[in-house]
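Q: One structure, as structure tokens, below. Some questions next.
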């Protein structure tokens, strides 16, 4: 059973509500997001382009603009190097699109996730030397690369546009990264795609509206926090998706059956993004870049269909890998008591290990490592739980690893096959010490407890203003207690409409529908006479039905 953690409306919420002229529920939601002053709340509710910071506040951006402009004018050879995920590909498409329009001389290189792995590599450096490249621009990686220092010593200028943590204190190249310790940029949460957007803004000396959809795609798919200027950029980016998306994005939406008029951040993160990512996971990321940069409609449609096919293959292989890993877990009692799972298998596809590890982590509520074995070496992906920094764990085991990298919740490792058992033992000792016998429970965070009488047209209109939802700005979750199930009807697609009733203090009955799948926990309670407590999202009813809204149920239990 999930642990329900419920926030409460306090006195300060009432003060903020009065100052803003909004319902107290809305003020409570704003304060729950750390927006405690009228000014910060207004900026959140009414994001504007003027709230987006000048690109020239970023470190080294001014120098980078000058160097790129000179290279373009003098027809110098430029090498663009970018990562194989959505953030890297959108970065390459944004900057590559600008360079193409300026008729610059450049070549794009994306590493193979399977053969070369993450980051700037020796092969790319050799390509730059062989082709007399005078400027390397690295996107979505490279912040801590020693190879790029080597490139500078060879006489090649280097610009890095990245958002990963900065570990190096000294470097020979320009680094546009808001996480630099010497950086005073007001917001640290921009992904590489948004930073490439800022760089092109500086190069053009005007707001590059034509790349807003790609910047928005990078923000959502790299799970950047949807606050501050990310929120402003994404709001405008979603408008561009709906009104004038780039050709490749338009064809991908059509191939994915995404209707532009209903597009939300969800569609970027769960429908479009996985199709772009699947390209690099299953083989080469170049088709995804080619799609986002396409100018020929027939070619764009062909590429969109190819990415769709790739994604279906990725889904099928992910399912198989998850089932194989689950079978290995169930085959031995020794794994059951481990606070962290380390599973390995010959021939597991290295491009989808992270997806299967995430799914298994959700199932067992433990940190999970899945390792693909080949020729005496293993390449693995790890996913962690809240409260356990997986990089701290890897630092504790680093002498057993060939290499590793990542962040608190996700990582990649390389290890000799013969050291996997020692790694498993050491990792579990570390996790046992960190958790100290704590029982892991899944938590459900609830923004506010409300009554049905609080649900008004005004409240629903304000909830619309909280979107787009995602990392750092989740969709508001509500709890209502002592609800009675007053009726159940079947839906054409096989689900149920469950009508929930609550009596207010005047003994008036208020009833709202919850449309649920048959697998939803609420369906287990339809025959119970006792009242229930329900956790839900609110969905404004856009049809002509009489009900003001519907509840999207997340959890339910019998009332105490």
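Q: Rounded, prolate or oblate: which one fits region 107-165, using the alpha carbon gyration tensor with axes a ≥ b ≥ c (rounded when a/c is under 1.5, else prolate when a/b beats b/c, else oblate)?
A: It comes out oblate by the Cα gyration axes.
Q: Between residue 407 and residue 53, what is the FRET efficiency for a Förster distance of 30 Å, r being their Cβ-Cβ separation, to the nearest 0.05?
A: 0.80
Q: By how many nm would the segment from residue 396 to residue 526 lengthen if fully extended, with 0.36 nm per residue of separation less the alpha-carbon distance?
A: Contour length minus Cα-Cα distance gives 41.8 nm.
Q: Residue 458 versus residue 19, label points 7 Å from Cα toward the beta carbon: distance in nm?
A: The answer from the label model is 1.9 nm.
Q: Could you tell me whether region 332-435 comes out rounded, prolate or oblate from its Cα gyration tensor? Rule is a ≥ b ≥ c as square roots of the eigenvalues, rounded for a/c under 1.5, then prolate if a/b exceeds b/c, otherwise oblate.
A: In terms of gyration-tensor shape, rounded.
Q: Roughly speaking, what is the centre-to-centre gap between region 164-208 and region 101-129 when only Cα atoms are used, to the nearest Å?
A: Measuring centre to centre over Cα atoms gives 20 Å.
Q: On a 0 to 90 degree scale, rounded to 10, what angle separates helix 273-282 from the longest Cα axis of the chain?
A: Tilt relative to the chain: about 50 degrees.
Q: Among 358, 318, rank each residue by its count of other Cβ atoms within 10 Å, from fewest to most, as a rough exposure measure.
A: Result, fewest neighbours first: 358, 318.
Q: Can you give the FRET efficiency to the nearest 0.05 for residue 36 and residue 386, using r as the Cβ-Cβ distance and R₀ = 22 Å?
A: Taking R0 as 22 Å, the efficiency between residue 36 and residue 386 is 0.35.
Q: Hey, another quick one. I'd like the orientation of helix 86-101 relative to the chain: the angle between its Cα long axis and the longest Cα principal axis, in ° from 0 to 90, rounded to 10.
A: 50 degrees
Q: Continuing with this model, one more query. How do the peptides 92-103, 398-409 rank, highest first, by the average count of neighbouring beta carbon atoms within 10 Å per residue?
A: Sorting 92-103, 398-409 by mean packing, highest first, produces 92-103, 398-409.
Q: Could you please state, rounded to a whole Å, how far the C-alpha centre of region 1-49 is from the C-alpha centre of region 133-158?
A: So the two Cα centres are separated by 45 Å.
Q: Between residue 443 and residue 334, what is the label-to-label distance in nm when each label sits 7 Å out along the Cα-to-Cβ direction?
A: 3.4 nm
Q: For the residues 106, 187, what sequence is obtained by ranking on other C-beta atoms within 10 Å, fewest first?
A: Least crowded to most crowded, the residues run 187, 106.
Q: How would region 56-302 be classified by its alpha-carbon gyration tensor: rounded, prolate or oblate, with rounded meaning a/c under 1.5 and the a/b versus b/c comparison settling the rest?
A: prolate
Q: OK, next. Can you put 37, 169 in order of Cβ neighbours within 10 angstrom, beginning with the fewest?
A: Result, fewest neighbours first: 169, 37.
Q: How tilted is helix 192-204 with respect to the longest principal axis of the chain? Cα atoms for both, answer in degrees (0 to 90, nearest 10).
A: Its long axis makes an angle of about 60 degrees.
Q: In the set (1) 33; (2) 17; (3) 25, which value of percent of Cα pairs over 43 Å apart was calculated from the structure you see?
A: Matching entry in (1) 33; (2) 17; (3) 25: (3).
Q: Taking the alpha-carbon centroid of each part, what is the distance from region 454-523 to region 231-271 in angstrom?
A: That distance is 27 Å.
Q: Given points 7 Å out from each Cα along the Cα-Cβ axis, report the residue 519 to residue 296 separation in nanometres with one decimal.
A: Modelled inter-label distance: 4.2 nm.
Only the coordinates and a few stated rules stand behind these numbers; no lab work does. Since this is a predicted model, take the numbers as computed values, not measurements. As a convention, Cβ positions derive from the backbone with ideal geometry for all residues, glycine included, and neighbour counts pool all protein chains shown.
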